[in-house]
1. So is residue 28 over 18 Å from the mean Cα position of the chain (by Cα), crowded, with 18+ Cβ neighbours inside 10 Å and part of a loop (DSSP other than H, G, I, E, B) or not?
2. Filter segment 301-328 down to residues that are closer than 14 Å to residue 237 by Cα and not polar (S, T, N, Q), then give me how many there are.
3. Let me confirm something: among 269, 298, 339, which residue is under 22 Å from residue 163 (Cβ atoms) and in contact with a Pro (Cβ under 8 Å, 6 or more places away or on another chain)?
4. Would you mind finding the one in 225, 286, 189 that is touching a residue at least 24 places away in the same chain (Cβ under 8 Å), surrounded by 16 or more Cβ atoms within 10 Å (Cβ to Cβ), over 23 Å from residue 172 (Cβ atoms) and not assigned by TED's automatic domain parsing to the domain that holds residue 316?
5. State all residues of segment 69-89 that are within 30 Å of residue 7 (Cα to Cα) and surrounded by fewer than 16 Cβ atoms within 10 Å (Cβ to Cβ); if no residue qualifies, say none.
6. Please go through (1) under 29 Å from residue 172 (Cβ atoms); (2) β-branched (Val, Ile, Thr); (3) at pLDDT 95 or above for residue 92 and return the number of the only condition it doesn't satisfy.
7. Does segment 269-289 contain at least one residue that is at pLDDT 90 or above, touching a helix residue (DSSP H, G or I) at 6+ places or on another chain (Cβ under 6 Å), outside any loop (DSSP other than H, G, I, E, B) and closer than 30 Å to residue 29 by Cβ?
8. Any residue that is more than 27 Å from residue 336 (Cβ to Cβ) and surrounded by 19 or more Cβ atoms within 10 Å (Cβ to Cβ) - is there at least one of those in segment 289-307?
Amino acid sequence: MNSDVDVAVIGAGQAGLSAAYYLRRFGMEPESGFVVLDHAPGPGGAWQFRWPSLTLSTVNGVHDLPGLGFADTIGVDPDDPEAALVHAASAVPQYFATYEKQFELPVHRPVHTRVVCARGERLRIETDGGVVSARGLINATGTWERPFIPRYPGAESFTGRQVHTKDYTSAQDFAGRHVLVVGGGISAVQLLDEISRVTTTTWVTRRPPEFRDEPFTPEIGRAAVALVEDRVRRGLPPGSVVSVTGLPVTPAIRAARERGALARQPMFSEITADGVRWDDGRELKVDVILWCTGFRSSLDHLAPLRLRGPGGGITMTGRLATQVASDPRIHLVGYGPSSSTIGANRAGQAAARELTLHLGVPAGSARPT
């Protein structure tokens, strides 16, 4: 691994690979010009860690990386009925591995980035595989490594089992137990559907869930991304895109509705030794609390750069709000408005273009797509 480069990309998920692809397109040489540092044991980003029951027919979306189609590579169209038999945790890593090889992307793994510090005009990136010095940084570490569980009174007294989405493997693990599913996102609804088929479940959310029966249009997507982009441009924490777009109603969700699995209850106020309690004094005994409460951006390694403002957000700028306003050498992709797989591609392109221009890297011959 070259220890002195123009650009270091941290993370080889959708956003990181997209950024690496465009760095090549804009004339930057692999290894000598840029490297990609990935902590995972193999290709696939966070997809390789997803639960086994997540198939190509149930994922929220697997979108093509630039220059290479997913369906053509894997041989299965996500819209084909056979997609229900293909596990996302194996298909997507296969796609990413083919992508890295075809475009000769300089991905080094497993390399864990410990900390990034400013050293004059350069950035010092300390990893368990050595130190990399770079003129610019594209951070694409995503959120999978930072599962979020909100604090509730009495949580430490609960004698049952508490699990986060990140730790979920199979509904059969909970057979015969009463499972309390917490959260109003897509993962919460998918797992609620699975678990309710084998055991008793209760669903709680902070706000009433909003289901979207109409097709998800580009206009809806753009409106959601625009709201999140506005927040990060003002230095606020990104917020949730799902809270704007709503939950898609799939055939599985319709079936769950019909059997009463989606009977949502408001959020409890405290956790007891054997369950939860609401403000009105009502109590419910449960064996498992499944926290489908999302993730937070994995940015702890950037703490020495002091990018966060008083409210905890990072003020972003640039065409697609990938550039850190206080330090234009640093781009965050897969953060805020680019946290979706579609947004990650566009963000990778914007970050690569803006960063090469900022650093004054000479444009080489365009690579074929």
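The values are calculated or read from the model by the stated rules, or taken from the named source; none is laboratory data. What you are looking at is a predicted structure, and each value in this text was computed from that prediction instead of being measured. Backbone-built Cβ (ideal geometry, glycine too); neighbour counts: all protein chains shown.
1. yes
2. 11
3. 269
4. 225
5. Filtering segment 69-89 down to residues within 30 Å of residue 7 (Cα to Cα) leaves 69-70, 73, 89.
Selection gives 69 alone.
6. Result: residue 92 fails condition (3) only.
7. Taking segment 269-289 as the starting set, the residues that turn out to be at pLDDT 90 or above are 269-289.
Okay, now just the ones that are also touching a helix residue (DSSP H, G or I) at 6+ places or on another chain (Cβ under 6 Å), so 271, 273, 288.
Then drop every residue that is not outside any loop (DSSP other than H, G, I, E, B), which leaves 271, 288.
In the following step, the residues that additionally are closer than 30 Å to residue 29 by Cβ were identified as none.
Scanning segment 269-289 turns up no residue that is at pLDDT 90 or above, touching a helix residue (DSSP H, G or I) at 6+ places or on another chain (Cβ under 6 Å), outside any loop (DSSP other than H, G, I, E, B) and closer than 30 Å to residue 29 by Cβ.
8. Yes, that holds for at least one residue.
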